[in-house]
Amino acid sequence: MKKLLVISVFIFLCSMFLLTSCRPPELEGVVVNMQQGLYDKAFALAKEAVEKYPDNPEAWYLLGRLYGRQENFEKMNECYEKSLALGSKYKADIERDRFNYFAENYNNAINNYYKRARDEQNPETQKKLYKAASEKFLKAFLADPVRTEPLMPMAISFLEIGDTATAEKYMKKALEMKPQNDTLLVAVGDFYYRINRKNNAKSLYEKAIEVNPKNIQAHLSLGQIYTEEKNWDKAVEQLNIAAEMQPNNSVITFNIAILYYNQQNYEKAIPYIKKTIELDPQNKDMHELLSISYIQLAQQELEKFNKTEDSKYKENAMKIYDKAIVFLEDAIQKFPDSALMWNNLGVCYAQKGLKEKAQEAFKKQKELEEQ
């Protein structure tokens, strides 16, 4: 019985020896020094270990962890990739490390710098905040380079501090990683629009629409570029597509109204101005714009009458003045301090031969302007 007990103890000790001897002494030293917080010694031993045992996945994993502590995330990931190439034993640990470093730096960038920079009014302070944000975003991306979240805010941060080349580098990187993401395509398009490379912006907006024809921001942005190019037909086409998708968006109807108004196409502008007022009843500017549009449209009809002496044009003008009076009499109740609308009401009264009413309206206009 004693003999069997001695044999069992011997086998147990041998097995323990084999288990502990699986880890080379250099790696054991790395682990011990890390446990004791002696990271410089651990780092030196880890570098020796990967040279001596290049096929040991733990050696590469431990060296990667130590590079991570130094925030040398590029080297960290090089080591992690070598460890993973040799086996998947440390895969979960590697994924945890990458996520932790990513989350720490990304959240730091967003909450402590980026959000504050966007609200900061002092240019110097704002620039410092964007610089700090860009550094933290970059660390987040290097820690876990398969994640795209840091790329756009990082590029914007670089742009805000005047480093356009680096901003573009990471914009392009984002597109390489997600070439079919229509939201990203619009965001990068906005970047190029901002640095006045509008052909690049236009191509990206068009690509976004190919990927997702319902991307309303792409249609609006493309419409803006066509407007600047004075390509009115295409501009209106894009804005109308957007209006169909969001018929109750007063910003879109406003932009269409302005587009027609600037072309002096008052007949087409008026329905969109009315729609904007319907959606935003307290918009004083749009009330004033509608009053101007009525008068301008009536004037166009009177000019046609003067050229042709065709009475139908004068009749059209009078009908327009009638509509304008109905609108303006209601509008001045809402906005009694609008000198412009009192003036326009006076013009309409005068054209209709209502002299006393015209004089009263002009008098009210003058009083407001003298206040």
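The values are calculated or read from the model by the stated rules, or taken from the named source; none is laboratory data. Since the model is a prediction, treat every value here as computed from it, not as a measurement. Heads up, the Cβs are rebuilt from the backbone with ideal geometry, glycines too, and the neighbour counts pull from every protein chain shown.
Can you name the condition, by its number, that Leu222 falls short on among (1) within 24 Å of Glu288 (Cα to Cα); (2) under 22 Å from the mean Cα position of the chain (by Cα); (3) of a type outside the set (S, T, N, Q)?
Exception for Leu222: condition (1).
For the list (1) within 15 Å of Tyr80 (Cβ to Cβ); (2) without any contact (Cβ under 8 Å) to a residue 12 or more places away in the chain; (3) among the aliphatic types (A, V, I, L, M), I need the number of the one condition that Ala44 fails.
Single failed check for Ala44: (1).
Can you pull out every residue in the range 341-368 that is assigned to a helix (DSSP H, G or I), in contact with a helix residue (DSSP H, G or I) (Cβ under 7 Å, 6 or more places away or on another chain) and surrounded by fewer than 18 Cβ atoms within 10 Å (Cβ to Cβ)?
Those that are assigned to a helix (DSSP H, G or I), in contact with a helix residue (DSSP H, G or I) (Cβ under 7 Å, 6 or more places away or on another chain) and surrounded by fewer than 18 Cβ atoms within 10 Å (Cβ to Cβ): Ala350, Lys357, Phe362, Leu368.
Out of all the residues in the range 95-115, is one or more over 22 Å from the mean Cα position of the chain (by Cα) and aromatic (Phe, Trp, Tyr)?
Looking through the range 95-115, at least one residue is over 22 Å from the mean Cα position of the chain (by Cα) and aromatic (Phe, Trp, Tyr).
Would you please name the residue that is nearest to Thr125 (Cα to Cα), looking only at residues in the range 151-173 that are crowded, with 24+ Cβ neighbours inside 10 Å and of a type in the set (Gly, Ala, Ser)?
Across the range 151-173, the extreme among qualifying residues is Ser157.
Pick out the one residue from Glu78, Glu95, Glu58, Glu74 that is of a type in the set (Asp, Glu), in a helix (DSSP H, G or I), in contact (Cβ under 8 Å) with a residue 40 or more places away in the chain and under 22 Å from Asp144 (Cα atoms).
Going through Glu78, Glu95, Glu58, Glu74 in turn, just one is of a type in the set (Asp, Glu), in a helix (DSSP H, G or I), in contact (Cβ under 8 Å) with a residue 40 or more places away in the chain and under 22 Å from Asp144 (Cα atoms): Glu74.
So which pairs qualify, if the first residue must be in the range 328-339 and assigned by TED's automatic domain parsing to the domain that holds Tyr294, the second must be surrounded by fewer than 12 Cβ atoms within 10 Å (Cβ to Cβ), the Cβ gap must be under 6 Å, and the two must be at least 6 apart or on different chains?
Hits for this filter: Ala339/Glu369.
Regarding Tyr80, is this residue at pLDDT 95 or above, outside the structural domain of Pro24 (by TED's automatic domain parsing) and crowded, with 19+ Cβ neighbours inside 10 Å?
Taking the combined requirement at face value, the residue does not satisfy it.
Conditions (1) under 26 Å from Lys136 (Cβ atoms); (2) of a type in the set (Val, Ile, Thr); (3) surrounded by 18 or more Cβ atoms within 10 Å (Cβ to Cβ), marked per residue:
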residue	(1), (2), (3)
Pro24	no, no, no
Phe43	yes, no, yes
Gln70	yes, no, no
Ala85	no, no, no
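Please go through the range 304-323 and give me each residue that is surrounded by 12 or more Cβ atoms within 10 Å (Cβ to Cβ) and among the small types (Gly, Ala, Ser), ordered by number.
Answer for the range 304-323, where residues must be surrounded by 12 or more Cβ atoms within 10 Å (Cβ to Cβ) and among the small types (Gly, Ala, Ser): just Ala317.
For the range 121-177, how many residues are assigned to a loop (DSSP other than H, G, I, E, B), more than 14 Å from Glu104 (Cα to Cα) and under 15 Å from the mean Cα position of the chain (by Cα)?
Number of matching residues: 1.
If we scan the range 287-301, do we find a residue that is touching a helix residue (DSSP H, G or I) at 6+ places or on another chain (Cβ under 7 Å), free of Cβ contacts under 8 Å to residues at least 24 places away in the same chain and part of a helix (DSSP H, G or I)?
yes
Out of Ala143, Ala117, which single residue is touching a Leu at 6+ places or on another chain (Cβ under 8 Å) and buried (at least 18 other Cβ atoms within 10 Å of the Cβ)?
Selected residue: Ala117, the only one of Ala143, Ala117 that is touching a Leu at 6+ places or on another chain (Cβ under 8 Å) and buried (at least 18 other Cβ atoms within 10 Å of the Cβ).
Of the residues Ala132, Ala165, Ala85, which single one is in the same structural domain as Lys47 (by TED's automatic domain parsing) and either among the small types (Gly, Ala, Ser) or more than 24 Å from Leu185 (Cα to Cα) (or both)?
Ala85 is the lone residue from the list that is in the same structural domain as Lys47 (by TED's automatic domain parsing) and either among the small types (Gly, Ala, Ser) or more than 24 Å from Leu185 (Cα to Cα) (or both).
Restricting attention to the range 324-340, report how many residues are surrounded by fewer than 16 Cβ atoms within 10 Å (Cβ to Cβ) and either assigned to a helix (DSSP H, G or I) or of a type in the set (Lys, Arg) (or both).
So the answer is 5.
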